[in-house]
Every structure is written in structure tokens, then in C-alpha cells.
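Trainee: Here's a structure for you.
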Amino acid sequence: EYDKQNNTFRILGRSSVDIIKSGGYKISSLDIESVILHHPLVNECVVIGVKDLEWGERVTAVVVLQPGKKEQDLTLEQLRD
């Protein structure tokens, strides 16, 4: 849930056994989280499905970097690799 006033997200919980349905595929959010958490710059992450008109749900990751790291230190391309 997005709070526009505070510019924050609140995770309300998970449903459907952590499965994201996107573009006709069933994707495990836990599997994606596991891969992201192996990146040395990542401290924490959560993967959720965000409603999307084209895909049904869009896979979205929220990442907390290791202490002292900045968002510029990690690119989307690095996470995709």
C-alpha cells in the first residue's frame, strides 16, 4: 500500500503462496528474493506483484542496501545478472 502523504510503502502481507502471476506465468517471489539476497550489496529485499493492466502483475523488488552503500552503487542491470 502506497502512502502518498509520507511517500512510503507499507507491506500488507502476502497471498497466493508467494506466487506472482505475470504475463501468463506463475513466478515465485521467494525464488527471486533468494537470488537478489545473494548480491553482496543487498542487505534485505522483498519481491511483490504490483497490479498491471498489461501483465496482470508486474514483478517488483524493494531492496535495502548494506550499511554505507548508496543507491548509485547498485544498478538494475547488476541485479538482473
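What follows is calculated from the coordinates using simple rules that are stated; it is not laboratory data. Source: prediction; values computed, not measured. Cβ sites come from the backbone with ideal geometry, for glycine too, and all protein chains shown count toward neighbours.
Trainee: Can you work out which of the residues in region 55-74 that are of a type outside the set (S, T, N, Q) and not in a strand (DSSP E or B) is nearest to residue 39 (Cα to Cα)?
Mentor: This residue is 74.
Trainee: Only one residue in 36, 27 is under 19 Å from residue 77 (Cβ atoms) and either outside any loop (DSSP other than H, G, I, E, B) or in contact with a Cys (Cβ under 9 Å, 6 or more places away or on another chain) (or both), so which one is that?
Mentor: 36
Trainee: Hey, could you check region 52-77 for residues that are under 18 Å from residue 8 (Cα atoms) and over 12 Å from the mean Cα position of the chain (by Cα) and say which is surrounded by the most Cβ atoms within 10 Å (Cβ to Cβ)?
Mentor: Residue satisfying both the conditions and the ranking: 65.
Trainee: Those residues that are surrounded by 10 or more Cβ atoms within 10 Å (Cβ to Cβ), closer than 21 Å to residue 71 by Cβ and without any contact (Cβ under 8 Å) to a residue 12 or more places away in the chain, I need them from region 3-51; list them, please.
Mentor: The answer is 35, 37, 50.
Trainee: Now, a different point. Would you mention how many residues in region 28-42 are touching a Lys or Arg at 6+ places or on another chain (Cβ under 9 Å) and either within 17 Å of residue 58 (Cβ to Cβ) or among the aromatic types (Phe, Trp, Tyr) (or both)?
Mentor: Qualifying residue count, region 28-42: 1.
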